[in-house]
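Below: one structure, written as structure tokens.
The values are calculated or read from the model by the stated rules, or taken from the named source; none is laboratory data. This is a predicted model, so every value here is computed, not measured. When we count neighbours, we look across all protein chains shown, and the Cβ atoms used for this are built from the backbone with ideal geometry, even at glycine. We work out accessible area using only protein heavy atoms, side chains counted, and drop any ligands, DNA or RNA first. Shrake-Rupley method; radii C 1.70, N 1.55, O 1.52, S 1.80 Å.
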Protein chains: 2
Amino acid sequence: MSLLTSVNARTSQVDDFAVLFEGALHDFLHSRHDHAPELATELRGMVLAGGKRIRPAFAWWGWRAAGGADRADAVVRALVALELLQCCALVHDDVMDRSPTRRGRPSVHELYAARHRRERWAGSARQYGDSAAVLVGDLALAWADDALVTAGLPSDALRRAWEPWQAMRTEMIVGQHLDLLAVARRDESLEHAVRVAALKTAAYTVERPLHLGAALAGARPEVVECLRAFGHDIGVAFQLRDDLIGVFGDTSVTGKPVGEDLREGKRTPLMAMALSRAQDRPAALRLLRRCLDGGPVSDRTVDDVCALLVELGAVAAVEEHIELLATSGLAALERAVIEDEARRVLVRLAGRAVTRTT
Amino acid sequence: MSLLTSVNARTSQVDDFAVLFEGALHDFLHSRHDHAPELATELRGMVLAGGKRIRPAFAWWGWRAAGGADRADAVVRALVALELLQCCALVHDDVMDRSPTRRGRPSVHELYAARHRRERWAGSARQYGDSAAVLVGDLALAWADDALVTAGLPSDALRRAWEPWQAMRTEMIVGQHLDLLAVARRDESLEHAVRVAALKTAAYTVERPLHLGAALAGARPEVVECLRAFGHDIGVAFQLRDDLIGVFGDTSVTGKPVGEDLREGKRTPLMAMALSRAQDRPAALRLLRRCLDGGPVSDRTVDDVCALLVELGAVAAVEEHIELLATSGLAALERAVIEDEARRVLVRLAGRAVTRTT
């Protein structure tokens, strides 16, 4: 089955999980609200403002793939942890990147800073906004673990799940730091960009959620290995797609400004490929460096760099790489001895992840 | 037994636990180092630079008090979580307060910012330092939960411990936010100052650690109740002592600048009591407000405010309050049906907590 036809296949199983999951997410946040009203309101606003729930979906179908069937309600509740962890990552990331928006609304630190200004409070609005957002992220991280531990999982399932869960949290945090370091050190190598993509997104978004789901189901090591290989390749492809969307994405769909990654000077594999292709073209190099050097980037520069990325063949190279990763990922999935329905859904989720536009 | 004589009593049991605990803390951090080398180095530096390990000690003796005896090795490993949580709190707090020092060394965000400047990296050193420190705190928070879950506790003990553990994390974060809000809203009321002290420190430093230890041991509800009542009172007294040290503490012992709390404009019960006593004295009020208004505070002002706090009777009132809390806390402990040795040690720990000078 090709990826593109699979995207259009029947989606009811995916939707069934999506409905269960949103219910569990609401229930958790609702039950916790009174413990931290000032912070939980913005946390809930952020979590429920959108998000593709891609991590819980991969974890759920990893669990199903490995034969998971009993205590489905507890598994759904446990996967709320993934969305809360993602909330921590986004809220803290936005503070670090000074991003003004997220999911089409002001980012959490901006909401708190705006409140500080509105109420004419004492001190710096920016400092209060940043501090409150750090605390919202901390709360999301602490509550993520609470969601997993208090979901009502059997003790052995919880213990098995903790291995991928602890790896995922550490990898996410280390990946964020490598991202900061790359900008600080002006590291423009393809190697570094791919390493960050593998840690920060591939592992965290696809591979580890699948691993977590498989661990919850008590999967055999061969099954875990195939699912992780599939998840790694689809995860890197997901990140490469994300990089294309970050440059060329439609702002009305993404909720982010046009060319945001260019304005932020992100060191992506896309930019690394463009730089290596532009080595003999001083004007093209200067244009790319204008984005990477951290200064303000005009609309005109964004347009020019977009055209240049296409002209240099960097976009085509990234698209080709996505296609190769999708093929090798699906081959790994093919080798796995797993449930048929889950296999079909995982193929579809992989297709969505690598062909999406938001 | 009075508090002062108890401080000088035999300390070997306390020291035995302290040695075991430092070993467990080193082992955990050592085993984790390679997973996040760039962040773990500063995390380890911070954790091992000092700290009184007061939370693990109260948890350990709460466990012993409630009859805990088996799997002591797993309990010691589990309590590493408390010190890592404290590390998260301190590192994020220092970013929010922009504190330059901690435990006699530069704070974590300062260490990263200094490295950024030394290496002549791109972008803002302050922004890099703050961001890296946010990530170190996140790592400490995630690893705190890992330490508890992977300590090798029996499943039922882990489940029992999770209730106080999740409450403690949420209360700590909410307490930090109330602290920010009090400064922003210029809230000078005694009521608010006491509420922050109760949440941010009393619960988090003494009551919940005792609760956690008792839960690990499977204590009966009456025992938990008495230990928590003891912990609440001793915890508030601990915070009141902390406030006195923050103003009058000897910088060579505390590792913090003289009068730091005055320079930071902290809203403490001490300041609230001083303000209410100074209502009819405009000059005294102006002097106190100079600290609370967030502007720069000179050495001369620090000296004058110190003298004023004594003259107004605020220091004596806080000392009296500490004495009352210590008495009521010890009375609650007296009612508890617990192990004798643990009771003696808890009395001693309480004495240290409320009479200490650092």
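Every residue in segment A:179-189 that is within 8 Å of another protein chain (Cβ to nearest Cβ) and part of a helix (DSSP H, G or I), please.
A:180, A:181, A:183, A:184 - these are the residues of segment A:179-189 that are within 8 Å of another protein chain (Cβ to nearest Cβ) and part of a helix (DSSP H, G or I).
Out of everything in segment A:159-171 that is open to solvent by 10 Å² or more (accessible area, probe 1.4 Å) and touching a residue at least 24 places away in the same chain (Cβ under 8 Å), what residue ends up being farthest from residue A:321 (Cα to Cα)?
A:160
Where in segment B:227-291 are the helices (runs of 4 or more DSSP H), entirely inside, with at least 1 residues that are open to solvent by 10 Å² or more (accessible area, probe 1.4 Å) and on the phi > 0 side of the Ramachandran plot?
No helices (runs of 4 or more DSSP H) qualify here.
Please count how many residues of segment B:97-111 are assigned to a helix (DSSP H, G or I) and at pLDDT 95 or above. Even if it seems obvious, please write down each step before you answer.
Just the residues of segment B:97-111 that are assigned to a helix (DSSP H, G or I), to begin with: B:97, B:108-111.
Next, from what is left, pick out any that are at pLDDT 95 or above: B:108-111.
So the answer is 4.
Please verify whether residue A:114 is in a helix (DSSP H, G or I), among the aliphatic types (A, V, I, L, M) and open to solvent by less than 20 Å² (accessible area, probe 1.4 Å), treating the condition exactly as stated. First the steps, then the outcome.
On the way: in a helix (DSSP H, G or I): yes; among the aliphatic types (A, V, I, L, M): yes; open to solvent by less than 20 Å² (accessible area, probe 1.4 Å): no.
No: the conditions fail for residue A:114.
Among (1) facing chain B (nearest Cβ under 8 Å); (2) under 21 Å from residue A:91 (Cβ atoms); (3) assigned to a helix (DSSP H, G or I), there is one condition residue A:121 misses while meeting the rest; what is its number?
Residue A:121 satisfies every listed condition except (3).
Can you tell me which residue in segment B:25-39 is nearest to the chain's Cα centre (by Cα), limited to those that are closer than 24 Å to residue B:204 by Cβ and within 11 Å of chain A (Cβ to nearest Cβ)?
Checking each candidate, the answer is B:39.
Might you check whether a residue that is open to solvent by 30 Å² or more (accessible area, probe 1.4 Å), touching a helix residue (DSSP H, G or I) at 6+ places or on another chain (Cβ under 6 Å) and part of a helix (DSSP H, G or I) occurs anywhere in segment B:199-215?
Checked against the condition, which is being open to solvent by 30 Å² or more (accessible area, probe 1.4 Å), touching a helix residue (DSSP H, G or I) at 6+ places or on another chain (Cβ under 6 Å) and part of a helix (DSSP H, G or I), segment B:199-215 yields at least one hit.
Only one of these is closer than 29 Å to residue A:141 by Cβ, away from chain A (no Cβ under 14 Å) and among the hydrophobic types (A, V, I, L, M, F, W, C): B:203, B:193, B:283. Name it.
Working: B:203 fails: away from chain A (no Cβ under 14 Å); B:283 fails: closer than 29 Å to residue A:141 by Cβ.
Only one candidate passes the filter, namely B:193.
Among what's in segment A:180-197 and is free of Cβ contacts under 8 Å to residues at least 40 places away in the same chain and open to solvent by less than 40 Å² (accessible area, probe 1.4 Å), pick the residue that is farthest from residue A:76 (Cα to Cα).
A:184
Mind checking which residues of segment A:62-92 are of a type in the set (Asp, Glu) and at pLDDT below 95? Explain how you work it out, then say what you get.
Step one: filter segment A:62-92 for residues of a type in the set (Asp, Glu), giving A:70, A:73, A:83.
Listed by number, the list holds a single entry, A:70.
Under 7 Å between Cβ atoms, which residue pairs at least 6 apart in sequence (or on different chains) link something in segment B:135-152 that is part of a loop (DSSP other than H, G, I, E, B) with a partner that is not aliphatic (A, V, I, L, M)?
Filtered contacts from segment B:135-152: B:150/A:162; B:151/B:77; B:152/B:77.
Can you name the number of the only condition in (1) in contact (Cβ under 8 Å) with a residue 40 or more places away in the chain; (2) touching a Lys or Arg at 6+ places or on another chain (Cβ under 9 Å) that residue B:201 fails?
(2)
I'm told residue B:334 meets every condition in (1) in a loop (DSSP other than H, G, I, E, B); (2) under 18 Å from residue B:237 (Cβ atoms) except one. Can you identify the failing condition by its number?
Condition (1) is where residue B:334 drops out.
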